Amino acid sequence: MTAIAPRVLMSMPLHAVTEMYGESGLRQRFAAEIAGFDPAARATLTDALELAARLHAQDRRTREPYLNHPLRTAIRIITYYDVTDVDVVAAALLHDSVEDHPEELAAGRPGDPTEAALAELAERFSPRVADLVRAVTNPPRVPGLDRYQQYREHVEESLSAHPWARVIKVSDFTDNGVGLMHSLPAKYQPLATKYRPLVPVLRELIAREDTPLSDPVKAHIRSQLDAAAERFDAILGV
């Protein structure tokens, strides 16, 4: 692993770190971001990162290892949202783990794989981490219902009752939406179609008084949502 000058690393946008230094750079950035956490918190977050790395080891996200996505999602929450809640950051690292790898995460537990995977997270980390991951995990497809409609309805319903899960989801959305141009051009149209209707939903959820973010952070998120909407509109010809 090539060491990167800390001041350079901490000053770079997350997608620039990705383009220049890949997973190694993002891991170094994450380590720098949590350096001021207490030892127990650092141990928990290191465990969450390594679990995510194991689960997503064979996964790809267009041009990059999939792990880069949860890393950016977690780093964004610390850096740009001023969140140091260990459960929230751990859940951000693991936000796709149950949806993508329930059987592997369940580790032989009996019963429904999704519930078994969530039980494993509750035991290994905390019930709150499991609850946060549950809130941002998409349910199985409902036959006959448009998948994008189901996705939107799930996000709105689930996040309405989980203020801290909104924080994870909006960081996830920012990585997917604002970062859309870092994907392959063939992905632009379907992703813009999927994500464009979520912009007003997330804008309203983030604006709520019970969303645990400061006013400047909410303003920053609104600007990111506006940037995403502009990109979606350009792609879709709106």
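Below are the figures for this structure:
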| item | result |
| --- | --- |
| Hull volume in cubic angstrom per residue (convex hull over the Cα atoms of region 1-76) | 91 Å³ |
| Scattering curve values for the chain, log₁₀ I(q)/I(0), Debye with Cα scatterers, q = 0.11, 0.15 Å⁻¹ | -0.55, -1.09 |
| Net dipole in debye of region 1-137 [+1 Lys, Arg Cβ; -1 Asp, Glu Cβ; about Cα centre; nearest 20] | 560 debye |
| Contour excess over end-to-end distance, with Cα ends at Ala35 and Ala161 and 0.36 nm allotted per residue | 42.2 nm |
| Distant-in-sequence amide H partners of Arg61 (H built 1.01 Å from N, under 5 Å) | Tyr66 |
| Relative exposure of Lys218, Lys169, judged by other C-beta atoms within 10 Å (fewest first) | Lys218, Lys169 |
| Choice from Thr73, Thr84, Thr62 showing the highest fluctuation, given a GNM over the chain with Cα pairs closer than 10 Å | Thr62 |
| Mean projection area, nm², convex hull over Cα of region 1-137 | 8.2 nm² |
| Electrostatic dipole magnitude of the chain [Cβ: Lys, Arg +1; Asp, Glu -1; Cα centre; debye, to 20] | 660 debye |
| Cβ-based charge dipole, the chain, positive-most Cα from Val98, Met20, Asn68 | Met20 |
| Kirkwood Rh in Å, taken over region 139-238 so that all alpha-carbon pairs contribute | 14.1 Å |
| Rg [Å, one decimal], Dmax [Å, integer] - region 73-214, C-alpha atoms | 15.3, 42 |
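Each reported figure results from applying straightforward, stated rules to the coordinates on display, with no laboratory input. Here the structure is a predicted model, which means the values were calculated and not measured. Note that we place each Cβ from the backbone using ideal geometry, even for glycine, and neighbour counts take in every protein chain shown.
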